[in-house]
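Asks: Below is the structure I would like to discuss, written out as C-alpha cells.
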Amino acid sequence: MPLLVVGSVALDSIETPTETRENVLGGSAVYFSYAASYFTSVRLVGVVGDDWPEAHTELLRSRDIDTAGLKALPGTKTFRWRGKYFDDMNTRETLDVQLNAMGRFDPVLPDEFRRSKFLFLANGSTDLQLKVLDQCPGASLRVADTMDLWIRSQPEQLSELLRRIDGLVLNDSEARLLTGDDNLVRAGHKVRERGPKFVVIKKGEHGAMFFSRHETYVLPAYPTARVVDPTGAGDSFAGGMMGYLAEQDNFDPRTLKEAMAYGILVASFTVEDFSLDRLRKIERADLEHRMEEYRRMLSF
Ligand code: AMP
C-alpha cells in the first residue's frame, strides 16, 4: 500500500562531541521516507529552495520514493536546522531553525497522492499538517508527529489535529510539555484522551512506549554501541513503523506491535552514522537479521 508523508526536507548542520557536519541531507520527511522504503513505496510531499542539490532527489527516487509532491520554490532556501548533542548523545539542543521555503509552502497534492490509504504527518508546522489532512479525506490510517516548536506556537491547531488523527508519535519531553505531566504513563494516556486512538512516546536510547485504550507497553531500543549521530532516529522509527503497517495493509494490535519493533530497528541503524549514510548501506535482510537478534533478546 502506498504511504504518503508530508514533513520537513532539510539541510542539517550537526555538532556532536567529536565531529561537526554542515548542510547534510536531513528533514523529518526525508528520514521517514527512506526508512519506510524498506517496506513499501512512499509518496513524499515537501518543499525545497534553490540551494537543494538535485542529487538528493535522485537518491530518494532510487528507493521507490515518489517525489512528484516535492516542490521547489524559486527564490527561497531549503529548511535548515542546526543541532548540538551533549556527551550522553541523548540530549540535544536546537541552535538554529530557519523555516525558509517551508514557511511559505501551500501544498497542493497530486490526485493520486490524495487517494493514499496510509498517511503520516511528519514534523513540520501543524498548519501544514492540517492542510494535507484536508486533502486526504479517504485515508484509513492517519498518524502524526509533533515537536516543541509547534506545541508552543500552534496549540489550537494541534488540538484540532489531535481530534482528527488515529495515532500520534512524539518524544518523551514533548509528551511532558504537551500534558504538563512528568509521569510518561499518565502523559501517554492524557494525549490519547485528546483524540488519537493510539499514542507512541519515543524515549531515545530507552525505546518506545505504546498507549491505546486497552494496552500500555514499552519496547526497548536495540542496544547498539555505535552512536555517531542520533538525528533522524525518531523519524526513521516512524518510517519503519508506518512502512511495515502499509506493507501489511493492516493495523491491528499485533501488527502495530511488530511495526513498533521494526521502527526501533531502523532507528538503531540510523544513529550509527550521519544523515542517511548508514541506511544507505543496509538492505531489508539486515533489518530481518537484527529482528532475529531482537526477538531472542526479548524472550525469557
Ligand atoms: P529527529 O532526530 O527524528 O527528531 O529529527 C531530526 C530532523 O528533524 C532533522 O533532520 C531536522 O531537519 C528536522 N527538524 C528539526 N526541527 C524541526 C521542526 N521544527 N520542524 C520540522 N522538522 C524539524
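Asks: If I take R0 = 35 Å and measure r between the Cβ atoms of D273 and S299 in this structure, what FRET efficiency does the formula 1/(1 + (r/R0)^6) give, to the nearest 0.05? Kindly include the intermediate steps, with their values, before the conclusion.
Replies: Values: r = 30 Å, r/R0 = 0.85.
Efficiency, from the Cβ-Cβ distance: 0.75.
Asks: Based on the Cβ-Cβ distance of I151 and D87, what FRET efficiency does E = 1/(1 + (r/R0)^6) give at R0 = 22 Å, to the nearest 0.05? Don't skip to the answer; put the middle values down first.
Replies: Values: r = 27 Å, r/R0 = 1.21.
Computed FRET efficiency for I151 and D87 comes out at 0.25.
Asks: Oh, and also: What fraction of the Cα pairs in the stretch 93-163, stated in percent, has a spacing above 21 angstrom? Before the final figure, lay out the partial values.
Replies: Values: 674 of 2485 pairs.
Beyond 21 Å sits 27 percent of the P(r) for the stretch 93-163.
Asks: Find the centroid of the Cα atoms in the stretch 276-300 and in the stretch 60-132, then give the distance between the two in whole Å.
Replies: 27
Asks: Given the C-alpha centroids of the stretch 232-273 and the stretch 135-198, what is the distance between them in whole angstrom?
Replies: Result: 18 Å between the Cα centres.
Asks: Same structure again: Under the 0.36 nm per residue contour assumption, what length would be gained going from the current alpha-carbon distance of H289 and T20 to full extension? Intermediate results must be reported in sequence, preceding the final value.
Replies: Numbers: separation 269, 0.36 × 269 = 96.84 nm, distance 3.12 nm.
That pair, H289 and T20, stretches by 93.7 nm at full extension.
Asks: Under the Kirkwood approximation for Rh and a Cα-based Rg, what ratio Rg/Rh is obtained for the chain?
Replies: Numbers: Rg = 17.5 Å, Rh = 18.9 Å.
Reported Rg/Rh, Kirkwood definition of Rh: 0.93.
Asks: Taking R0 as 30 Å, what FRET efficiency do you get between A68 and E258 from their Cβ-Cβ distance, rounded to the nearest 0.05? Mind dumping the intermediate values first?
Replies: Values: r = 30 Å, r/R0 = 1.01.
Given R0 = 30 Å and the Cβ-Cβ separation, E is 0.50.
Asks: From the phi of every residue in the stretch 151-159, what ³J(HN,Hα) in whole Hz does the Karplus formula 6.51 cos²θ - 1.76 cosθ + 1.60 yield, where θ is phi - 60° and glycine or proline is x?
Replies: 4, 7, 9, 9, x, 5, 4, 5, 4
Any read-out appearing in this document is the output of simple, stated calculations on the displayed coordinates, not a laboratory observation. The model shown is predicted, which means the values in this text are computed figures rather than measured ones. Glycine gets a Cβ as well: all are built from the backbone with ideal geometry, and neighbour counts include every protein chain shown.
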